[in-house]
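The values are calculated or read from the model by the stated rules, or taken from the named source; none is laboratory data. Please read these numbers as outputs of a predicted model, since none were measured by experiment. Cβ atoms come from the backbone with ideal geometry, glycine included; neighbour counts cover every protein chain shown. Heavy atoms of the whole protein, side chains included, go into the accessibility calculation; ligands, DNA and RNA do not. Shrake-Rupley method; radii C 1.70, N 1.55, O 1.52, S 1.80 Å.
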Amino acid sequence: PRSATAVRTIGIGFIHNNQPCIHTSVMKLTVVGLGGKHELEVKAADTLAAVKAQLAPLVSLPPEELKLVAKGKAPPDATPLSALGLADGGKLMLMRSQAGAKSLQQRGKAAAPASATSANSRPLGA
């Protein structure tokens, strides 16, 4: 008779140069961009959308205004980190998406102050 033992399944993926890598349940990623550097704990099965959701409060922007770049490419949000070949210690670049840039422009126009050259204006100290 066999003894009862617990079996733990570990996902196996590939990293640079097709070297096998065992993905543990949690890995650390460094995300750089938008004026900051963030260390995140994520799972290999997490999608880019999940990473954006984790970053959103850290950069004070909604996830739909964020764009993540891995190895020079911006894959779709549904892409799991494991499909990008990212392992523990991997890096992502954070940028503002086109939607985010447009949103910023629209907010800038709405918040633009009135012209300081009205008939009632005068230089400071005059």
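Multiplying the residue separation of Lys91 and Ala78 by 0.36 nm and removing their Cα-Cα distance gives an extension gain of 2.9 nm.
Note on Val32 and Gln98: the model spin-label points, each 7 Å out from Cα along the C-beta direction, lie 2.7 nm apart. In this structure, the amide hydrogen of Lys91, modeled 1.01 Å from its nitrogen in the peptide plane, lies closer than 5 angstrom to those of Thr30, counting only residues at least 5 positions away or on a different chain. For Leu86, the solvent-accessible surface with a 1.4 Å probe is about 10 Å², rounded to the nearest 10.
Largest accessible area first, the residues Val59, Val51, Val32 order themselves as Val32, Val59, Val51 under a 1.4 Å probe with ligands, DNA and RNA left out.
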